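Single-structure report; data block below.
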Amino acid sequence: MTLFPKSAFARTVGLLALVLLLNQVVSYLMVSNYVVKPSVEQITQLVAKQIKTMFIRESSLAERQNDQSLAIAFYDATGIRVFDNEKAMEEGLQLTTYYGYLSEIMSQELDGEAQVRIAQGEQFFVWVKPPQAPDYWIRVPLSSLSSGQFSPLVVYLLVIGLLSVFGGILFANWLNRPLKALEESARLVGRGEFPPQLPEKGASEIVAVTRAFNQMSRGIHELENDRNLLMAGVSHDLRTPLTRIRLAAEMMPESEDYLAQGIAEDIDDMNDIIDQFIDYVRLDQQENASKESLNELLEQTVANVPDSWQKQFHLALDDCPRLSLRPLSIKRVLINLLENAERYGQQNVWLASGYNKKQRRVWFSVTDDGPGIPEEQQQQLFQPFTQGDKARGGVGSGLGLAIIKRIVDRHDGRINMQNMANAGLRVTIELPLR
């Protein structure tokens, strides 16, 4: 059994309690030993000694010559004045503040009941009613208290505050470092990547979450490998009979060329569908991200569209900063969007790009002049094997938009569909500038 807590909650509570306890103890010792006690003792002893000199026995004064001159010189040197009650009120006694603690100490020093009041203003005065002359008030100036000095207490408060904040930052960083690593690994797994296993260290809650995450990551990785293996086996097993069928179709007599041509076209469609399945499963797993110009990718992709496409492409590209992306994957997104625009549009396709400085996002859009897609069907089209048959007469496997969404998600991007007012569909892709 260890005294050091294992849970994050207990560690946080323990740290706060320890910091507050140390702060209180040190503050009490500092203030009481270096501020309150010395100040009270010095002021009290100073005032008490000065008051005692006011009541020297007459016999002692008689031994001195010119004692009246001595008293005047004493008054001038010390600044101490003696007032009766009426004169004291005129000099500002009513504006003073009574201090019981100082009165008790003064009473002990003067061997009788005394009263101490403090006047604060341009100059500090201590008013004392001594037991030796209860009908009089003695005003003692303390000019040194009015001089502004940089107190060591302020330095202490600043130092202890900075140390507390700095210690809290170090503790929070130590506590949150495993969470940051867990967050980054979870983001990579969400994009289809599999980082190394995280070290299981830190608070007990963090260790438990990290262990569960590592188990989940291993399970997803194994599932991904099984899916790739299954897809590779299915693809191989399907292509073999398709090849035999194509060979048999090519050996058919010339009188049945129309039938052989139909079979060959069906085989090509099936191969394309198999390729789409493989693309969806193995999506950009081997491609690394790099700093690229989005506008250059758009221009290259449009320049290399098939010659059989009939639509007119119009580009409106604004200045965009380079950003980290997988160029082949983004080209695949753009080709799929252009293919849909070519298939469902009428005459024109518009490509645009731009940069949102406020959100730090680079975007590009593809707009066609086709019939559009009803809003209630738009989000469903991003699911695998879903086609927009009702809206635009879909063909193919229904994986095109699903592949687009997976690529955009792996770039931490967003995809949005919008029907245009004058007919047509606009698909906008936003990518973060990382």
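The values are calculated or read from the model by the stated rules, or taken from the named source; none is laboratory data. Everything numeric in this text was worked out from a predicted model, so none of it was measured. So basically every Cβ, Gly included, is an ideal-geometry build from the backbone, and we count neighbours across all protein chains shown. Protein only, heavy atoms only, side chains kept; ligands, DNA and RNA dropped before computing areas. Shrake-Rupley method; radii C 1.70, N 1.55, O 1.52, S 1.80 Å.
Considering only residues that are open to solvent by 80 Å² or more (accessible area, probe 1.4 Å) and part of a strand (DSSP E or B), look in the range 78-125 and name the one that is modelled with the lowest pLDDT.
Arg81
At pLDDT below 75, closer than 30 Å to Val26 by Cβ, among the aliphatic types (A, V, I, L, M) and exposed (fewer than 11 other Cβ atoms within 10 Å of the Cβ): is that true of Val159 in this structure? Give the steps one after another, and end with the answer.
Numbers: at pLDDT below 75: no; closer than 30 Å to Val26 by Cβ: yes; among the aliphatic types (A, V, I, L, M): yes; exposed (fewer than 11 other Cβ atoms within 10 Å of the Cβ): yes.
Judged against the criteria, Val159 is not a match.
Which members of the range 287-321 meet the condition of being more than 17 Å from Ser365 (Cα to Cα), of a type in the set (Ser, Thr, Tyr) and touching a residue at least 12 places away in the same chain (Cβ under 8 Å)?
Ser290
When you go through (1) free of Cβ contacts under 8 Å to residues at least 24 places away in the same chain; (2) in contact with a helix residue (DSSP H, G or I) (Cβ under 9 Å, 6 or more places away or on another chain); (3) under 30 Å from Asp409 (Cα atoms) one by one for Met251, which number turns out not to apply?
Every listed condition holds for Met251 apart from (3).
For (1) within 17 Å of Met420 (Cα to Cα); (2) out of contact with any Ser or Thr (no Cβ under 9 Å at 6 or more places or on another chain); (3) of a type outside the set (Lys, Arg), each residue gets a yes or a no:
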| site | (1), (2), (3) |
| --- | --- |
| Ser324 | no, no, yes |
| Lys331 | no, no, no |
| Leu334 | no, no, yes |
| Tyr344 | yes, yes, yes |
| Trp350 | yes, no, yes |
| Tyr355 | no, yes, yes |
| Gln359 | no, yes, yes |
| Glu375 | yes, yes, yes |
| Gln379 | yes, yes, yes |
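Limited to the range 179-220, what total is found for residues that are open to solvent by 30 Å² or more (accessible area, probe 1.4 Å), part of a helix (DSSP H, G or I) and not hydroxyl-bearing (Ser, Thr, Tyr)?
Matching residues across the range 179-220 total 19.
Scan the range 245-275 for residues that are under 30 Å from Ile403 (Cα atoms), of a type in the set (D, E, K, R) and loosely packed, with under 14 Cβ neighbours inside 10 Å and jot them down.
Glu265, Asp268, Asp269, Asp272, Asp275
Six or more apart or on different chains, Cβ under 6 Å: which pairs go from a residue in the range 155-178 that's closer than 21 Å to Ala203 by Cα to one that's modelled with pLDDT of 75 or more and open to solvent by less than 40 Å² (accessible area, probe 1.4 Å)? Could you list them?
Once the first residue is closer than 21 Å to Ala203 by Cα and sits in the range 155-178, its partners that are modelled with pLDDT of 75 or more and open to solvent by less than 40 Å² (accessible area, probe 1.4 Å) give Pro178/Ile206.
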